[in-house]
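Visitor: Before we start, here is the structure in question, set down as structure tokens.
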Amino acid sequence: MASFEARTAAEPGRVTVFLSGDCDLTVRDRLTAALLDAVSRSTAVFVDVAAVGFLDSTGVHALVTAHHAARGRGGRLYVRNATGPVAAVLDLTGLATLLQAPSEERRHA
């Protein structure tokens, strides 16, 4: 099991959450708390999953929970840099499309 970490970086108009390790049941509360904290700080939250090796249904649930919280505040949550099995889970669940970053952000990511 890869060690989980969630780091945030605030920039004007956005917060980016950099996730690494495995996003599974063992880190559910920490993951959800990190995402909800970011959503409470900005209306534009980008979740970078480049360093995530595993994402299960609890990780998906945390992303959906944060997405709904962001929308409730008039904001958006986006996922970027998904590859391999993480990208497959996001594609399979429809989150890849739902949480897709705007085209100009994808060009700069």
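Visitor: Is there a residue being free of Cβ contacts under 8 Å to residues at least 40 places away in the same chain, β-branched (Val, Ile, Thr) and in contact with a Lys or Arg (Cβ under 6 Å, 6 or more places away or on another chain) anywhere in the range 11-21?
Guide: Checked against the condition, which is being free of Cβ contacts under 8 Å to residues at least 40 places away in the same chain, β-branched (Val, Ile, Thr) and in contact with a Lys or Arg (Cβ under 6 Å, 6 or more places away or on another chain), the range 11-21 yields at least one hit.
Visitor: Hey, another quick one. Output the residue which, of all residues in the range 1-43 that are among the hydroxyl-bearing types (Ser, Thr, Tyr) and farther than 13 Å from residue 56 by Cβ, is modelled with the lowest pLDDT.
Guide: 3
Visitor: Shifting gears a bit: Out of curiosity, is residue 58 in contact with a Lys or Arg (Cβ under 6 Å, 6 or more places away or on another chain) and over 20 Å from residue 102 (Cα atoms)?
Guide: Yes: the conditions hold for residue 58.
Visitor: Quick check on residue 39: is it surrounded by 22 or more Cβ atoms within 10 Å (Cβ to Cβ) and closer than 20 Å to residue 90 by Cβ?
Guide: Criteria met by residue 39.
Visitor: Within the range 14-22, identify whether any single residue is crowded, with 18+ Cβ neighbours inside 10 Å, in contact with an Asp or Glu (Cβ under 9 Å, 6 or more places away or on another chain) and of a type in the set (Asp, Glu), and answer yes or no.
Guide: yes
Visitor: Further question on the same structure: May I ask you to list pairs of residues, at least six apart or on different chains, whose Cβ atoms are under 9 Å apart, with the first in the range 83-103 being without any contact (Cβ under 8 Å) to a residue 40 or more places away in the chain and the second being charged (D, E, K, R) and not in a helix (DSSP H, G or I)?
Guide: From the range 83-103, the pairs are 89/56; 100/80; 102/76.
Visitor: Could you look through the range 1-49, keep only residues that are among the hydroxyl-bearing types (Ser, Thr, Tyr) and assigned to a loop (DSSP other than H, G, I, E, B), and pick out the one that is farthest from residue 101 (Cα to Cα)?
Guide: Filtering the range 1-49 for residues that are among the hydroxyl-bearing types (Ser, Thr, Tyr) and assigned to a loop (DSSP other than H, G, I, E, B), the one farthest from residue 101 (Cα to Cα) comes out as 3.
Visitor: Suppose we filter 56, 91, 48 for residues that are crowded, with 18+ Cβ neighbours inside 10 Å, of a type in the set (Asp, Glu) and either closer than 18 Å to residue 23 by Cα or in contact with a Ser or Thr (Cβ under 6 Å, 6 or more places away or on another chain) (or both); which single one remains?
Guide: It is 48.
Visitor: For the range 59-88, name all the residues that are more than 21 Å from residue 26 (Cα to Cα), buried (at least 16 other Cβ atoms within 10 Å of the Cβ) and of a type in the set (S, T, N, Q).
Guide: The answer is 81, and nothing else.
The values are calculated or read from the model by the stated rules, or taken from the named source; none is laboratory data. Everything numeric here is computed off the predicted structure, so don't read it as measured data. Positions of Cβ are backbone-derived with ideal geometry, glycine not excepted, and every protein chain shown enters the neighbour counts.
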